[in-house]
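Worksheet: the structure to be examined is printed underneath.
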Amino acid sequence: MKNSDFDYEKLFELSPDLLCIAGFDGYFKKVNSAVSKVLGYSLEELYSKPINDFIYPEDVGLTTKARENLRDSKALLYFDNRYVTKSGEIIWLSWTSQPSEEDQLIFAIAKNITHKKRLEAERNTEFANLAKMNESYKQLTYTTSHDLRSPLDSLLSIFKLIDLTKINDEKTIELIEILKRGGEKLKIRLDQYIDNLSGRNSLTEEVTLVSFEENLTKVQKSISSLIQDSRITIHSDFSRLEYINFNKSYMESVFLNLISNAIKYARQDVPPVLSIYSEKVSTGSRLIFHDNGQGIDLEKVKDRIFGLHQTFHDHTNSKGIGLYLVHTHLTSLGAKIEVESKVNEGTKFTISFK
């Protein structure tokens, strides 16, 4: 079959894309039925008015400038602009155009990308809302941390005024020292939060070599009374992997929250046990927290387990923040956390590092 035997007119009409031939004078010279169908105008209406009459007013200037570039024999690729249909609907079209100086014509093809643009707008709105929400949480954390410092300073001042030489009971002296150390550590942590939120420090830049053993020891000291009261047994083994490049404060928060959860959600019928160990695998490094507590019904919880303010047990101290913080700290530095759990059979958290 020779090229002359092809029915180009039929190809022009059957194309689902918008095909058109426009003149340098700004009028449509020929369009296929897809143009009429999408814009809602008859062929007569499309040919009788300047193309600018169909373009959304705010995009006329940009389109005119693009058309001038076409007249300089420059092809136009993936140019997006808005049109107004006969029913008043605003649609987005993406154009690819090629001028012919000899014929004083522009040959163009367009795709309707309205759905894509709407999805982009929705996504941008979600991003804006998320940024606003994050800023609100940041301000709340800043305010809370700042406001807590004053009563904490007063408490620490009272500890300084206590004359321990006048107290004969060694147990009381020990408890006062524990409260004093706990208050001092809390003040340091609050100061760090305020500095980070004020932009003085950037947590994401403070990546260093972190010792799992040192983290565990520090956290155990900070909640020693809680550990003693709960009678939890903590087994640890970091012989396969002792250190990891991570943020020190974030890692302390991970240990603190996962150990506290193992204590908080322990079963009443068995002594609580928590195993913490590290390992190297072909895909990288892992840190595992495995307890024998109440467990979680993952089928019921689904993807809400690391959500903010999500609670899964009737515990008076549950605020739904701990696992959210753990997930946020880890993912912000490229790590990943997965959970395996069954009701009354315990929970296993597996943290994978790059």
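Which residue pairs have Cβ atoms closer than 7 Å, lie 6 or more positions apart in sequence or on different chains, and pair a first residue in the stretch 51-64 that is at negative phi and in the same structural domain as Leu77 (by TED's automatic domain parsing) with a second residue that is aromatic (Phe, Trp, Tyr) and surrounded by fewer than 17 Cβ atoms within 10 Å (Cβ to Cβ)?
That search, which allows pairs on different chains as well, returns Ile51/Tyr27.
Count, please, the residues in the stretch 88-122 that happen to be of a type in the set (Ser, Thr, Tyr) and either closer than 16 Å to Thr63 by Cβ or in a loop (DSSP other than H, G, I, E, B) (or both).
3
Considering each residue of the stretch 154-182, count those that are among the charged types (D, E, K, R), over 22 Å from Lys221 (Cβ atoms) and either within 38 Å of the chain's Cα centre (by Cα) or assigned to a helix (DSSP H, G or I) (or both), and give that number.
1
Sort out which residues of the stretch 223-242 are of a type in the set (Val, Ile, Thr), over 34 Å from the mean Cα position of the chain (by Cα) and either within 25 Å of Leu186 (Cβ to Cβ) or surrounded by 14 or more Cβ atoms within 10 Å (Cβ to Cβ) (or both), and write them in order of number.
Ile232
Within 29 Å of Glu135 (Cα to Cα), modelled with pLDDT of 80 or more and among the acidic types (Asp, Glu): does that describe Glu252? Please lay out each step first, then the result.
Values: within 29 Å of Glu135 (Cα to Cα): yes; modelled with pLDDT of 80 or more: yes; among the acidic types (Asp, Glu): yes.
Taking the combined requirement at face value, the residue satisfies it.
Residue check: is Ser239 modelled with pLDDT under 90, out of contact with any Phe, Trp or Tyr (no Cβ under 8 Å at 6 or more places or on another chain) and either over 22 Å from Lys218 (Cα atoms) or not in a strand (DSSP E or B) (or both)?
no
Residue by residue through the stretch 28-40, note down the ones that are part of a loop (DSSP other than H, G, I, E, B) and crowded, with 20+ Cβ neighbours inside 10 Å.
Correct list: Asn32 only.
So that you can scan it fast, the table gives a plain yes or no per residue for (1) outside the structural domain of Ile296 (by TED's automatic domain parsing); (2) in a helix (DSSP H, G or I); (3) more than 18 Å from Glu338 (Cβ to Cβ):
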{"site": "Phe246", "(1), (2), (3)": "no, no, no"}
{"site": "Glu252", "(1), (2), (3)": "no, yes, yes"}
{"site": "Phe255", "(1), (2), (3)": "no, yes, no"}
{"site": "Leu258", "(1), (2), (3)": "no, yes, no"}
{"site": "Glu279", "(1), (2), (3)": "no, no, no"}
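The values are calculated or read from the model by the stated rules, or taken from the named source; none is laboratory data. Given the structure is predicted, the values throughout are model-derived calculations rather than measurements. Because the Cβ atoms are built from the backbone with ideal geometry, glycine has one as well, and the counts that use them run over all protein chains shown.
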